[in-house]
Amino acid sequence: MICKTNIVYSDFSFFFYINLNAQSAPDFTFSTTDETVQQLSDYKGKVLYVSFWASWCKPCLVNFEKYEEMRNQLDEIGVVLLNVNIDAEQYNWETAMVKNNINGVHVRGQELEKLQELYELYSIPSYEIINKEGNFVYLSYDTERNIIEEFKQWVDR
């Protein structure tokens with residue numbers, strides 16, 4: 001069973017899937033900036049921090065800037081920052097990506113209606129954490145937690 005919940009840490013609030021039974025992240029197809037077609041399953045064996053976003057989503061763009069340092073730290077420890085754009089037009093995606101200098105791996109979702117259904121993307125931004133086995137994982141509810149340390153544990157497993 002998968003359900004979404006709102007996890008609050010300090011001044012930021014993200015939606016994460018709760019891993020209740022080592023639920024596998026649904027596979028989906030996307031294209032990269034060089035127009036190579038890949039699937040989420042191609043990243044099995046890596047810890048993913050998946051950001052679903054669009055060029056017209058102001059909170060998406062604000063969060064990329066606001067949490068740039070945290071994202072840089074995640075990248076440094078080996079977490080793949082997979083930025084999945086859901087814009088209908090490729091031009092809008094490419095323009096926003098360059099203009100906003102967003103770090104990470106940039107991809108554009110294909111079959112957007114299916115993707116939105118699979119990941120319950122009723123609103124964006126939406127963020128998911130996927131472990132090396134391809135399962136959803138979640139941050140602890142401990143208010144004293146260290147997010148980077150939690151990610152390091154997943155990377156080191």
- Message: Skipping prolines and chain starts, which residues have an amide H placed within reach, meaning under 5 Å, of the one on G134, given they are 5 or more residues away or on another chain?
- Response: G45
- So between E150 and N100, what do we pick up on full extension, going 0.36 nm a residue minus the alpha carbon distance? 15.2 nm
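Add -39500 (n - 2.57) for each DSSP H run of 4 or more in the chain, then divide by its residues: what number comes out at 222 nm, to the nearest 500 deg cm²/dmol? Could you put the intermediate results ahead of the total?
On the way: 5 runs with 46 residues, N = 157.
About -8500 deg cm²/dmol.
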- Query: Which listed residue (I148, N92, S51) has the Cα farthest towards the positive end of the charge dipole for the chain, taking +1 on Lys and Arg C-beta and -1 on Asp and Glu C-beta about the Cα centre?
  - Reply: I148
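Would you mind working out the magnitude of the charge dipole of the stretch 43-148 relative to its Cα centre, with +1 at each Lys and Arg C-beta and -1 at each Asp and Glu C-beta, to the nearest 20 Debye?
Numbers: 10 positive and 16 negative charges, 29 e Å.
The calculation lands at about 140 debye.
Counting pairs of alpha carbon atoms under 8 Å apart in space and at least six apart in sequence, what relative contact order in percent does the chain give?
Values: 262 pairs, mean separation 52.1, N = 157.
Taking the mean separation of contacting Cα pairs over the length of the chain, I get 33 percent.
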- Query: With each pseudo-label sitting 7 Å past Cα toward Cβ, what's the N135-S24 distance in nm, one decimal?
  - Reply: 1.3 nm
- Message: Around T95, under 10 Å between beta carbons, what's the net of Lys plus Arg minus Asp minus Glu among the other residues?
- Response: -2
- Which lysines have a Cα lying under 29 Å from the Cα of K99, excluding residues fewer than 8 positions away in the same chain? K46, K58, K66, K114
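Whats the longest run of the chain with zero chymotrypsin sites (Phe, Trp or Tyr not before Pro) that are DSSP loop and have at most 14 other Cβ atoms within 10 Å? Present the calculation step by step, with values, prior to reporting the outcome.
On the way: sites that count: W56, Y122, Y141.
With a cap of 14 other Cβ atoms within 10 Å, the longest stretch comes to 57-121.
I'd like the antiparallel share, as a percent to the nearest 5, of DSSP beta bridges with both residues in the chain. Walk me through the intermediate numbers first.
Working: 22 of 32 bridges.
If we restrict to bridges inside the chain, about 70 percent are antiparallel.
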- Separation between the E76 and Q38 pseudo-spin-labels, each 7 Å from Cα along Cα→Cβ, expressed in nm? 2.3 nm
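Read the figures in this text as sums done on the coordinates, not as results from a lab. The shown structure was predicted, so the numbers you read here are calculated from the model rather than taken from an experiment. FYI the Cβ positions are ideal-geometry reconstructions off the backbone, even for glycines, and counts take in every protein chain you see.
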